[in-house]
Amino acid sequence: MAVILGIESSCDETSASICINGEIKSNIIATQAIHAKYGGVVPELASRAHQQNIIPTVDQALQQAKITKNDVDAVAFTRGPGLLGSLLVGTSFAKSFALARNIPLIDINHMQAHILAHFIDDPKPNFPFLCLTVSGGHTQIVLVKDYFDMELIGQTLDDAAGEAFDKTAKILNLPYPGGPLIDKNAKLGNPNAFKLPEPQIPDLNFSFSGLKTAILYMVQGELKKNPNFLEENMNDICASVQERIVSILLNKLKKAAKQTGVKDVAIAGGVSANSGLRESLLAMGEKYKWRVFIPKFEYCTDNAAMISIAGYHKYLKGEFVGQDVAPLARIPF
């Protein structure tokens, strides 16, 4: 029996999970509300909160899985990418736990783990499959050939999709985190109310900085004509913004599927919780006869279940690291 303790601390969520023989038995997430008052994640505050949360979070994960620390066979942790101070807390805890128990240590690439979250539940995609990973810091199209054989075939050249949502929310005076609020308002609006540009970026790469600027200029221009523009048009603005971001993402994904001939298509990462993206991908999948895979909401945002399932597959391969391992803010895919 392989019992894996997973630790995730890459940004502003402290999470611990227990995976037993490839089955998730617990997935505890401690969120940090303190960042809302600052309109974004404050790295120093995030790392302090991780220090406070990590022991009770791991303890709760063990209790929910009905095991003790003596039952754990290996510790998997997020090595990167992420905020260095936050990663340091999770890495240090994992190293200490593994050293005290004399068990293997497994380092995990956070972005690969988002993709491997698709192997938590059935149905599971077949290799090779395409995965669009969309989060606050990353937007990538990945050709997944095996559990740890992944080829990055497209990525953002500037802002990520999640940043486009959050920065737009700030322009609209919506509180942080703004992405879910744009999604909520978009359901009540007309996605064709405002015309926004779609960047013409070569190959399978993305760009969102131009869209963000176009939204800013559009809002500033309309406010000069009508000071109540935002209050009177909030739902339509959100719907139009969401429609454009989703179309940018899925048009590139459609292009990737055509180029590779792959029919199993998945999404992952925090933005994969967006209802517009999920619905549009399902519709596109039906149109092009794809097998579409969308993670449960609890596995979209940062969570340790994806770390422990990735750790389980590395454990089976015997891929461990030593106590000299260090976290990396940026890590090669």
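3J(HN,Hα) along the range 241-258: 5, 4, 4, 6, 4, 5, 5, 4, 5, 6, 5, 5, 5, 4, 5, 5, 5, 5 Hz, from the Karplus curve 6.51 cos²θ - 1.76 cosθ + 1.60 with θ = phi - 60°, whole Hz, x for Gly and Pro. Dipole of the range 12-138 computed with +1 at Lys/Arg Cβ and -1 at Asp/Glu Cβ about the Cα centre; of 77, 110, 46, farthest Cα towards the positive end is 46. Could you work out the local net charge near residue 322, counting Lys and Arg as +1, Asp and Glu as -1, over the other residues with Cβ closer than 13 Å to its Cβ? Net charge around residue 322: -1.
Rounded to the nearest 20, the Cβ-based charge dipole of the chain about its Cα centre (Lys and Arg +1, Asp and Glu -1) stands at 420 debye. Near residue 294: Cβ cut-off under 15 Å, other residues only, Lys/Arg at +1 and Asp/Glu at -1. The net charge is -3.
Which pairs break 26 Å Cα to Cα here: 170/254; 187/254; 37/167? Over 26 Å apart, Cα to Cα: 170/254. Straight-distance candidates among the lysines for linking to residue 258, with alpha-carbon spacing under 24 Å and chain neighbours fewer than 8 residues away dropped: 124, 145, 287, 289.
Taking a cut-off of 31 Å, what percent of all Cα-Cα pairs in the chain are separated by more than that? Every Cα pair in the chain considered, those over 31 Å come to 33 percent.
Tell me what the chain gives for mean residue ellipticity at 222 nm when only DSSP H runs of n ≥ 4 count, each as -39,500 (n - 2.57), the sum divided by the residue total, rounded to 500 deg cm²/dmol.
-14000 deg cm²/dmol
Beta bridges per DSSP, both residues in the chain: antiparallel share near 60 percent. The calculated FRET efficiency for the pair residue 296 and residue 232, based on their C-beta separation and a Förster distance of 35 Å, comes to about 0.45. Straight-line cross-link reach from residue 212 at under 19 Å between alpha-carbon atoms covers these aspartates and glutamates, not counting any fewer than eight positions away in the same chain: 158, 159, 163, 166, 183, 198, 222, 236, 243. When only the Cβ of Lys, Arg, Asp and Glu is charged (+1, +1, -1, -1), the dipole of the range 12-170 relative to its Cα centre reaches about 440 debye. Rounded to the nearest 20, the size of the Cβ-charge dipole of the range 224-333 about its Cα centre is 640 debye, with Lys and Arg at +1 and Asp and Glu at -1. Based on the alpha-carbon gyration tensor of the range 4-137 and its eigenvalue square roots a ≥ b ≥ c, which shape applies: rounded if a/c is under 1.5, prolate if not and a/b is larger than b/c, or oblate? The shape class here is oblate.
Loop-located trypsin sites (Lys or Arg not before Pro) in the range 1-101 (DSSP state not H, G, I, E or B) with no more than 13 neighbouring Cβ atoms inside 10 Å: 66.
Taking trypsin sites (Lys or Arg not before Pro) across the range 190-289, the ones in a DSSP loop with at most 11 further Cβ atoms lying within 10 angstrom of their Cβ are 195, 289. Taking the charge dipole of the range 210-320 about its Cα centre, with +1 at Lys and Arg Cβ atoms and -1 at Asp and Glu Cβ atoms, the residue from 228, 245, 262 reaching farthest to the positive side is 262.
All of the numbers you see were taken from the coordinates with simple rules; none came from a lab. In this text the structure is predicted, and so the values were computed from the model without any measurement. Reconstructed Cβ throughout: ideal geometry from the backbone, glycine too, with neighbour counts over all protein chains shown.
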